[in-house]
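> I have a structure here, written as structure tokens, and I will follow up with some questions on it.
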Amino acid sequence: MERLQRIKEQIGLKWRQLWANKVLVVAVVVVLSLVLGVGIGIYSYPRPQDTPTAVPQLTEEDVAVVVRQQIQTVLAEDYPWVLEERAIPVVVEPPPSEKPNPTSPRPVSSYEEAVSFEHLLWPVKGEINTPFGWYRHPVYEDWRFNAGVEFQAQGDMVRTVLAGTVLSVTSDGLQTELVIDHGSGWTSTYRSIQALSVVPGQEVKQNQNIAIPGTDGIVFFGLNHQGEPVNPQAFLR
């Protein structure tokens, strides 16, 4: 209790000393009032609102004018000759097309004409050994389809039945096959022949000797139209 009493006495002493110096008290009060007033004035005074700066609106015509001015400036500074010379339009005309003017008629090969079967020759002299169509094989006794006619040749020459162009000559090691193109989708096939006297691309006439029969004397002859086999017996005379 005595200690608390001493603290109170010291506080009262300090207050009396401070009150005795009235000038200092008044100065402190005035300074605090000014500071408080300035602060309240700053925060309470309404700030002026910033007015946005108006941006001018550009039209397409304005942009075009600016672009033209920039182009004129570049041309005048770097390419003055463009502005000095007058542009001359150039018209390019296509070259005249040459019209064909034949001096002679187009040659027509005999095999390009319509194929006629009025005088269809036999490819060999002899007898028909195996006719066109289905037949029973004499050795294996099974049914097989013959896409042409097999002749037992009695002569020593194989000839063309119609005029045409040699299309191909092939061999499988056992027999040789010759195909002649007669035009209009017609072809003739000769098989089991040897000693050929024609080559692919060569034009041949009707009844022209092209080969000889094979060693066994059996000659196959086939007639095809658009790739499909046709019975030659209906045309051979």
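The values are calculated or read from the model by the stated rules, or taken from the named source; none is laboratory data. What you see is a predicted model; the values in this text were computed from it and never measured. Methodologically, a virtual Cβ is constructed for each residue, glycine included, from the backbone with ideal geometry; neighbour enumeration extends over all protein chains shown.
> Kindly indicate the residue of region 182-195 that is assigned to a loop (DSSP other than H, G, I, E, B) and modelled with pLDDT of 90 or more and also farthest from Asp156 (Cα to Cα) among those meeting that condition.
Selected residue: Gly185.
> Sticking with this one: Could you pull out the residue among Thr176, Thr189 that is surrounded by 13 or more Cβ atoms within 10 Å (Cβ to Cβ), under 17 Å from Trp122 (Cβ atoms), in contact with a strand residue (DSSP E or B) (Cβ under 7 Å, 6 or more places away or on another chain) and of a type outside the set (A, V, I, L, M, F, W, C)?
Thr189
> Still on this model: Just for region 123-164: of the residues that are touching a helix residue (DSSP H, G or I) at 6+ places or on another chain (Cβ under 7 Å) and assigned to a loop (DSSP other than H, G, I, E, B), which one is surrounded by the most Cβ atoms within 10 Å (Cβ to Cβ)?
Gly148
> For region 70-79, give me the residue count where each residue is surrounded by fewer than 10 Cβ atoms within 10 Å (Cβ to Cβ) and either in contact with a Gly (Cβ under 8 Å, 6 or more places away or on another chain) or modelled with pLDDT under 75 (or both).
Number of matching residues: 1.
> Among the candidates Val179, Val198, which residue alone is within 49 Å of the chain's Cα centre (by Cα), assigned to a loop (DSSP other than H, G, I, E, B) and among the β-branched types (Val, Ile, Thr)?
Details: Val179 fails: assigned to a loop (DSSP other than H, G, I, E, B).
Result of the check over Val179, Val198: Val198.
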